[in-house]
Amino acid sequence: MNDTTSTAVSPVPASAAPVRDEGLGEITRRTFWEANERHALGIGFIVFVLLLWEVIPHILTLSRGMDLFFTTPTQVAMTLYNMFASGEIWPAFKFSAVAFSVGLGLSIVAALPLGVIIGRSHTMNAMLDPFITAFNATPRLVFLPIILVWFGIGMWSVVVVVFIGAVFPLLINTYAGVRNADRLLINVVRSFGASEWQINKLVILPNSMPFIIAGLRLAIGRAILGIVVAEFFGGSSEGIGVMMNDAAGKFQVDIVFAGLVIFMALSLVMVGGVKVLEARLSRWRPENVKSF
Amino acid sequence: MVAYIEAKNVNLIFTPPNRMPVTALKDFNISVGEGEFVSIVGPSGCGKSTFLNVLLGLIPPHSGEMAINGKRVSGPGQDRAMVFQEFGLLPWRTVLNNVELGLELKGVATSERRPVSQKFIEMVGLAGFEGHYPHELSGGMKQRVGLARALATDPDVLLMDEPFAALDAQTRDIMQAELLRIWQEAKKTVLFVTHQIEEAVYLSDRVIVMTKRPGRAKKIIDIPLPRPRDYEMRVTQEFNDLKLQLWNELKDELTVHGNG
């Protein structure tokens, strides 16, 4: 933030807009392959693995026992399609999606203001830091029995597990970001008569945004983990995790994989969403430090 | 001369944790007339920047009285605005939105603050750069934004805390000339902190020399050079005599702790 490299000489600033580096003369046009190499290799390898997986049963004769535990990508895709087409997956899907959204949403609503308060107040920081550290250092699974006792088997238990998974990384990152806030900028807005609330809105939050985004990314991972953990270990009798667990018990391997694909897709969509958010929020940053 | 800015017996003591208390300002007195351009020079750490922050209302003094146009200073106020050494631009805001900051905090509606900020962006020579972000600007341009932002709230007093110290020599020369032009146009009372003797002489009506810490006003030197001033004036005998006079006052303060 401390841009002391700004001694660049520009004695007649009004004359020209900042000129981008034109390179050394000739612009070399990148071929299609050069421009898309990374993506092509990445996608190509996934396709390769899926194909290999697909043809295994055709080239190897699997024993009777192996066959029972085996499935192929096309079978998984068919199962997934049928579950959505027939609508049988919707109740489980809805349950998990709602628990995930509510849990993550609550953690954001709780972590941001609390993070700002803890980051701004030495007293609150001293009081709450050991508590948060201890809580955060404990594996979430440890809390599952007591959460089940308090909230019962069902939606609320899953929501709570997701919440306590997601809230700590967000909280810790938010207050780290807030404590990192630029004193000079705070003084600038104070000098114009800003209230405490305006200081938070105009300086503290935008200044902490890189930390908050990084926290959000962690929180999403923890929230998905929370769903899986809660549903696998008896937190509810519904949801994708429960569906996978039941299917595994009945050796319905394709359904287990279908659930896995759904969780993968959820992760990818959420990470993509954070990337879009990050790009929107970092338009003001210099190119070379765009990545948070 | 009627005092427009008046500081009487201002004392400030810093108590850093686990350190001995430091007296930053001791019985500091100054008096500045309306529309005057006054510089404060002094050795590093003498408390000259600290005094600006006290006058700005960011640091409450331990004792003493300060008033601007007869109104007691007890916190930040619309009658003052600061131009900061390290610019202090919000990096996530465009030039236009940075210049508007003060008006926004004053509660001026968007439609009303647009033409005002536009006017000051033009005054500092940044027309066409409204949509740029600070990182896209050179140091001199950033400080132009800082100046426009301070002027946009139409303060009576402009406080400038070594505003050109972070700029290279040529940009600084240009900015000094620009500041004089804008000061004549905008008719503000300016209190300007610098460690550069030449800058102080070139810009000011009067220069206050501060002692080393704890900072007191040691001597006030009048700069009777005619206005408008231009660059050639800097090579005249009169200008150099004033520089020497200032240097003689200052040099006694620059010992003991060395590098000044």
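Overview of values
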read-out	value
2 or more residues more than 30 Å from residue A:243 (Cα to Cα): qualifying helices (runs of 4 or more DSSP H) within region A:49-132	A:90-120
Yes/no for residue A:166 being more than 14 Å from chain B (Cβ to nearest Cβ), under 24 Å from the mean Cα position of the chain (by Cα) and surrounded by 16 or more Cβ atoms within 10 Å (Cβ to Cβ)	yes
Elements of type helices (runs of 4 or more DSSP H) contained in region A:173-292, each with 1 or more residues being within 14 Å of another protein chain (Cβ to nearest Cβ) and surrounded by 15 or more Cβ atoms within 10 Å (Cβ to Cβ)	A:183-191, A:196-199, A:205-232, A:253-281
Residues (surrounded by fewer than 17 Cβ atoms within 10 Å (Cβ to Cβ) and either within 14 Å of chain A (Cβ to nearest Cβ) or at pLDDT below 90 (or both)) located in region B:34-58	B:44, B:45
Region B:119-155: number of residues that are more than 23 Å from residue B:170 (Cα to Cα), more than 9 Å from every other protein chain (Cβ to nearest Cβ) and not in a helix (DSSP H, G or I)	4
Odd one out for residue B:176 among (1) part of a loop (DSSP other than H, G, I, E, B); (2) within 14 Å of another protein chain (Cβ to nearest Cβ)	(1)
Residue within region B:169-177 that is in contact (Cβ under 8 Å) with a residue 60 or more places away in the chain and within 14 Å of the chain's Cα centre (by Cα) present	no
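The values are calculated or read from the model by the stated rules, or taken from the named source; none is laboratory data. Predicted model, so just to flag it, every value in this text is computed and none were measured. Positions of Cβ are generated from backbone atoms using ideal geometry, with glycine treated the same way; all protein chains shown enter the neighbour counts.
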